[in-house]
Amino acid sequence: MWMMALAGAIVTAGMAELPEWTFDTDAQGWTANAYLANVSVTNGKLCADAIDWDPFFSISGLEIEAKPWQYVAIRLIANRDGQGELFWTGETAGPHGGFSQEKSLRFNVEGNGQSQDIVIVPFWQTEKTIRQLRLDLYNGAHFEIDKIRIAEWGGGAAPSDSTFEWTFNGDVQSWTISPKSSDLYSPPLNLAVNDKGWVTVTLQSAADGVGAILWGAEGVVGPQSAEFNIRGGPEPRIYNVEMQGIPEWRDGVHALGIRLPKGNVKLDAIAVSGEPRGPAELAVTYLGFENALSRTSTPCRILARIANIGAAKSEPTPARMVVSPDLRFVPGSTPEAEVPPLEYGESTSLFWTVSTPIAMEHRVYLRVGTGKTIEGKLNFTKSMFLNKADYPPRPVPVKSDVDVCAYYFPGWDSDAKWDCIRRTAPIRKPALGYYDESKPECVDWQIKWAVENGISCFLVDWYWCQGGQSLTHWFDAYRKARYRDMLKVAIMWANHNPPNTHSAEDWRAVTKEWIGQYFNLPAYYRIEGKPAVFIWAPSNVRRDLGGSDAVKQAMNESQDMARAAGYDGITFVAMGYDFSPAAIKNLENEGYAGITTYHEWGGDVDRAMALKRMPYLNVVRGSKLEWDRKNAQAKPLAYYPVVDTGWDSRPWHGDKAFVIEGRTALLFEQLLESAHAFALENNKPLVVLGPVNEWGEGSYIEPCVEFGFDMLEAVRRVFGVGNARLWPVNLGPADIGLGPYDYPSRPSVSAWTFDAPDAGWKAMMGVANVRVEDGKLLFDTTNDDPAIVVETHGIKAAQFTKATFNMQLDGALKPDARAQLFWSASSAATSEAASASFPIVADGQIHLYTVDLKACPRWRGNITALRFDPCGDRGVRVAIDDIQLLP
């Protein structure tokens, strides 16, 4: 590799002198790694071709005094879209040469062959001195870097400690740190904000979008953000963004910023204060059917979810529903309703019941108070007038010309798990209702719907960590299902386990479990005649076992064990997104026969992540290119393409979530057709659908309110063979008088004494052997993030000032170990900000722990669910005598 000249390698910069590299004659100290080729300085530009998976330039010998108001400006040209990353460090030694992921920022690059300016605000002041920089690029592109410079905004002015409000009226020049920066930042600050937990933004946007409050603070590495949804309209709106409870929102805020969506946005004002501002504002967050598969001539309920997104408490407010002429209110249901008083952030549900004899899409119109009239669409399908049954009818499978497998997430083992869907995304309510996944009858419905629509196998997420298992309830129900053997199953080992939890001994134990408990299922899925096991994170196994050769030895032992049990071996399929030659070589050496992914979003996803939004159309358009690329790079491993089923994790992750918008059955069918053609052209024996039931992450195709059977029927139209007129008609439980399968309703609960077997608390993650014995809730932790959850069924936070835990821990804890209580208030997702932690000890004795809830600013509103992390360590035995919320 051509080594660059080291001219200018030592750069010292203080307040008045910040470095700039213009590459007029040489590389000025920047050096390329082995994954960059054809490196040269040509016409005042640093040029290179990226030829492998991790190409970068780096420079050392720097002495730059790090300030929070500095930014890095890069001017470059690229011939392909992609995402770069800037690393910085004050270290010169250590793992990765002193660089680390926490001290880096990603940025998008346009691949149009035109010069572009990229501005990066690192908030790197915690380093004190910057001694090295690294500019990571991306494979398969040509780059020409014209200039890299470090600059500072604010003109050296002293930071203000008393400015908490800014008025713009559309003129943002005072917050423009560079003409090339789309993010806006205040002049230098040094604000004390511990008693100021809200940022209020007033703006007008022509379209819906996502904004973000940005900031950097003393002792905090890198820029921080708090996202908020923007609602388009002709008038300015007030947005209250809650900052209190976010650990990084602390005294010593160096600068405040805002990221606005592209388009016509007029920023009026920003204020930092101790309370939210503005009047009450009622918003209709959902208007549609309450239940899936609504039929003609049958009473069907309309659900409206209404939230107060304004700061003040709302007054009782009338609401009126108007329906299209072919709809009728059933007796007892009237157009008028009333929204009760709601505090900020609270929500409520209103219901109307209607019917119609006409199968079509009908319109309804809701007006709350004097607000805007909201339109809803109700698609009634024709009633089947079937006789009642005492069990789901026997499936009539639809054969396919390619095996269609689909990921299945067995995560719905308690009513508490459904709370985020029930309150924030009721359009996702399944046709089974908010179902108890441990019921064999539910599994038989899932089997019926899968095989009657061309899906032949579920790849079931399976959790094992050092012998501890969780979320096995679906497999337990599957074993008892009447139609079990009509749907094939295979293990997808979700081994995203902590370090040092895989071992040769554990590998033998997990192989024994597969052979003894799963491979002997009559319908266990086989590839090339051998039971298939999909491994989520091959790199985790390699990390813990000590390298690729050790993994190879373990996998060879698995093959021997399987053959000794009468099987032809095991087909191991790796999962992941690293298709570099080195990664594929490792997997081949270790004994994997194939490779696939959990999602496939196309090549645009990295760029879209920064905007938090991407249209599903981009997935449809971009997947074929990714399938082709991965198929070529995977050889000699077999590559199995994934047909993605979407992503919208707002029920779990709130406004920070990445969202793929505009998913429809028509677009999904187009993607299926592309996958079908790809499979036939490349002789693929199977394709993999994305998750069928990741309701929280937003990846789902099981019948539900939003899509009915449209998604499943698209699968059989594309992959099904035979006479379509003979395919079975899809039907739901209510069509034959069955269901619902919801968990039973319960009164609100604020204390748990574990005197009865049904504890209410369920495993969320990282725990095993959850049970109630001798008046205690017992379980073992299996990773470093164990958690249990419970549905409170709605309690008022104002009625409780403390939480108590009588708990015993046995095992090794990290120094300064703490437990943590999280809560979900109204429709909000759980987050670090809505939590409280306390120190713990592990001495085999019961201890009383008390949490002061009144000291937690986000303990307010209607508490719908609790999550409890008893520690941050694996291998701990937990015994809880009681948990109580007290006045």
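Where a number appears in this text, it was derived from the coordinates with a stated rule and is not lab data. Only a predicted model underlies this, so the values are computations on that prediction, with no experimental measurement involved. Here the Cβ is made from the backbone with ideal geometry for all residues, glycine too, and neighbour counts use every protein chain on show.
Work the Kirkwood hydrodynamic radius out for the stretch 670-775: mean of 1/r over every pair of different alpha-carbon atoms, inverted, in Å.
18.6 Å
Apply the Debye scattering formula to the stretch 563-646, with a single equal point scatterer on each alpha-carbon and no solvent, then give log10 I(q)/I(0) at q = 0.12 Å⁻¹.
-0.43
Farthest toward the dipole's positive end in the stretch 105-255, which of 233, 153, 194, given Cβ charges of +1 (Lys, Arg) and -1 (Asp, Glu) about the Cα centre?
Of the listed residues, the answer is 153.
Give, to the nearest whole percent, the P(r) tail of the chain beyond 41 angstrom, counting all Cα pairs.
So the portion of pairs separated by more than 41 Å is 43 percent.
If one computes P(r) from the Cα atoms of the stretch 596-746, what percent of pairs lie at distances over 28 Å?
Values: 3145 of 11325 pairs.
Every Cα pair in the stretch 596-746 considered, those over 28 Å come to 28 percent.
For all pairs of alpha-carbon atoms in the stretch 403-736, what percent lies in each bin of width 10 Å, listed from the first bin to the last filled one?
Each 10 Å bin holds this share of Cα pairs: 5, 25, 35, 26, 8, 0.
Which lysines, if any, have their Cα less than 21 Å from the Cα of residue 530, not counting same-chain residues under 8 positions apart?
The reachable lysines, counting only those whose Cα sits under 21 Å from residue 530, are 488, 512, 552, 635, 684.
Determine, from the Cβ-Cβ distance of residue 635 and residue 100 and an R0 of 56 Å, the FRET efficiency 1/(1 + (r/R0)^6), rounded to the nearest 0.05. Display every interim value, and only then the final one.
On the way: r = 34 Å, r/R0 = 0.60.
Given R0 = 56 Å and the Cβ-Cβ separation, E is 0.95.
For a quick check of your reading of the filter: which chymotrypsin sites (Phe, Trp or Tyr not before Pro) in the stretch 572-671 sit in a DSSP loop and have no more than 15 other Cβ atoms within 10 Å?
Details: sites: 572, 577, 579, 592, 598, 601, 616, 627, 639, 647, 652, 658, 668; in loops: 577, 579, 592, 598, 601, 647, 658.
Counting only loop positions with at most 15 other Cβ atoms within 10 Å, the chymotrypsin sites (Phe, Trp or Tyr not before Pro) in the stretch 572-671 are 577.
Test of understanding: what is the full-extension gain from residue 798 to residue 482, defined as 0.36 nm times their sequence separation minus their Cα-Cα distance?
108.9 nm
If you take every residue apart from residue 56 with its C-beta less than 9 Å away from the C-beta of residue 56, what net charge results, scoring Lys and Arg +1 and Asp and Glu -1? Provide the component values of the computation, followed by the final result.
Numbers: positive: 134; negative: 54, 85, 136.
For residues surrounding residue 56, the net value is -2.
With an 8 Å Cα cut-off and a minimum separation of 6 or more residues, compute the relative contact order for the chain in percent. Don't jump to the answer; show the numbers that get you there.
Values: 2215 pairs, mean separation 79.8, N = 887.
RCO, the chain: 9 percent.
Would you list, by chain and number, the aspartates and glutamates whose Cα falls below 16 Å from the Cα of residue 45, excluding same-chain residues fewer than 8 positions away?
Cα-Cα hits under 16 Å: 20, 24, 26, 117, 144, 146.
Give me the percent of DSSP beta bridges within the chain that run antiparallel, rounded to the nearest 5. Present the calculation step by step, with values, prior to reporting the outcome.
Working: 168 of 205 bridges.
Once the DSSP bridges in the chain are tallied, antiparallel ones form about 80 percent.
Show me the ranking of peptides 106-115, 482-491 by mean Cβ neighbours inside 10 Å, starting with the highest. Before the final figure, lay out each step's value.
Details: 106-115: 14.6, 482-491: 20.3.
Ranking, from highest mean packing down: 482-491, 106-115.
Say a paramagnetic label sat at a point 7 Å from the Cα of residue 387, along Cα to Cβ; which residues of the stretch 472-488 have their backbone N under 20 Å from it?
Output list for this probe position: empty.
Let's test the formula: R0 of 56 Å, r as the Cβ-Cβ distance of residue 115 and residue 753. What FRET efficiency results, to the nearest 0.05? Working shown, then result.
On the way: r = 68 Å, r/R0 = 1.22.
That gives a FRET efficiency of 0.25.
If I model a spin label at residue 334 and residue 266 as a point 7 Å from the Cα along the Cα→Cβ vector, what separation in nanometres do I get?
4.2 nm
For residue 683 and residue 724, calculate 0.36 nm times their separation in residues minus their Cα-Cα distance, and state this gained length in nm to one decimal. Each step should come with its number before you reach the end.
Working: separation 41, 0.36 × 41 = 14.76 nm, distance 2.43 nm.
Roughly 12.3 nm would be gained on extension.
Over all Cα pairs of the stretch 541-600, how is the pair count split among 5 Å bins, expressed in % and running from 0 up to the last occupied bin?
Histogramming the stretch 541-600 at 5 Å steps yields 4, 19, 24, 25, 16, 9, 3, 0 percent.
Under a plain spin-label model, where a point goes 7 Å from the Cα along Cα-to-Cβ, how far apart in nm are residue 606 and residue 169?
Placing both labels 7 Å along Cα→Cβ, they lie 4.5 nm apart.
Cysteines of the chain lacking any other cysteine beta carbon under 4.7 Å?
By the Cβ distance rule, which asks for a partner under 4.7 Å, the isolated cysteines are 47, 300, 420, 442, 465, 704, 856, 871.
From the C-alpha coordinates alone, can you work out the Kirkwood hydrodynamic radius of the stretch 244-311, in Å?
Details: mean 1/r = 0.0586 Å⁻¹.
For the stretch 244-311, the Kirkwood estimate is 17.1 Å.
On a straight-distance basis, which aspartates and glutamates could pair with residue 377 in a cross-link, Cα separation under 17 angstrom, same-chain partners fewer than 8 positions away excluded?
Result set, ordered by chain and number: 290, 326, 361, 706, 710.
What is the extension gain from residue 848 to residue 244, computed as 0.36 nm multiplied by their sequence separation minus the C-alpha to C-alpha distance, in nm to one decimal?
Going from the current span to full extension adds 214.7 nm.
Using a simple charge model, +1 on the beta-carbon of Lys and Arg, -1 on the beta-carbon of Asp and Glu, nothing else, what dipole does the chain show about its Cα centre, in debye to the nearest 20? Mind showing how you got there, number by number?
On the way: 84 positive and 107 negative charges, 416 e Å.
Computed about the Cα centre, the dipole is about 2000 debye.
Just the Kirkwood number for the stretch 282-379, please: inverse of mean 1/r across all distinct Cα pairs, in Å, one decimal.
Working: mean 1/r = 0.0723 Å⁻¹.
In the stretch 282-379 this quantity evaluates to 13.8 Å.
In Å and from the alpha-carbon atoms only, list the Rg and Dmax of the stretch 520-673.
Cα-based Rg and Dmax for the stretch 520-673 come out at 18.1, 53 Å.
Could you tell me which residue out of 89, 59, 293 lies farthest along the dipole of the chain toward its positive end? Charges go on the beta carbon: Lys and Arg +1, Asp and Glu -1, centred on the Cα centre.
The listed residue farthest towards the positive side: 293.
Along the charge dipole of the stretch 11-152, Cβ charges K/R +1 and D/E -1, which of 140, 70, 112 sits furthest on the positive end?
The residue sitting most towards the positive pole is 70.
What distance in nm lies between label points placed 7 Å from Cα along the C-beta direction at residue 769 and residue 128?
It works out to 4.8 nm between the two label points.
Dipole size in debye (nearest 20) for the stretch 317-446 around its Cα centre, Lys and Arg Cβ +1, Asp and Glu Cβ -1? All intermediate terms of the calculation are to be shown ahead of the outcome.
Working: 16 positive and 17 negative charges, 105 e Å.
Roughly 500 debye for the stretch 317-446.
With +1 on the Cβ of every Lys and Arg and -1 on the Cβ of every Asp and Glu, and nothing else charged, how large is the dipole of the stretch 282-379 about its Cα centre, in debye rounded to the nearest 20?
Roughly 220 debye for the stretch 282-379.
Compare the peptides 141-149, 355-363, 423-431 by average per-residue count of other Cβ atoms within 10 angstrom and give them in order, highest first. Intermediate values should be presented prior to the final figure.
Numbers: 141-149: 19.6, 355-363: 14.6, 423-431: 23.0.
By packing density, highest mean first, the sequence is 423-431, 141-149, 355-363.
Can you tell me which of 837-846, 782-791, 678-687 comes out highest on packing, and rank the rest after it, using the mean Cβ neighbours within 10 Å? Display every interim value, and only then the final one.
Working: 837-846: 13.7, 782-791: 22.1, 678-687: 15.8.
Put in order of decreasing packing, that is 782-791, 678-687, 837-846.
State, to one decimal in nm², a quarter of the convex hull surface area for the C-alpha atoms of the stretch 751-886, i.e. the direction-averaged projected area.
On the way: hull surface 29.6 nm².
With every direction weighted equally, the projected area is 7.4 nm².
Remind me, relative contact order of the stretch 751-886 in percent, using alpha carbon pairs under 8 angstrom and six or more residues apart? All intermediate terms of the calculation are to be shown ahead of the outcome.
Numbers: 367 pairs, mean separation 52.3, N = 136.
The normalised contact order for the stretch 751-886 reaches 38 percent.
What is the fewest-to-most order of 409, 458, 228 by other Cβ atoms lying within 10 Å of their Cβ? Numbers along the way, then the final one.
Working: 409 22, 458 28, 228 18.
Taking fewest neighbouring Cβ atoms as first place, the list is 228, 409, 458.
Averaging over every viewing direction, what projected area does the convex hull of the Cα atoms of the stretch 393-507 cover, in nm²?
Result: 9.1 nm².
If R₀ is 35 angstrom, what is the calculated FRET efficiency for the pair residue 152 and residue 624, using the beta carbon separation as r and rounding to 0.05? Let's see the in-between values first.
Values: r = 46 Å, r/R0 = 1.31.
According to the calculation, E is roughly 0.15.
So, in Å, what gap is there between the alpha-carbon centers of the stretch 528-574 and the stretch 272-318?
51 Å
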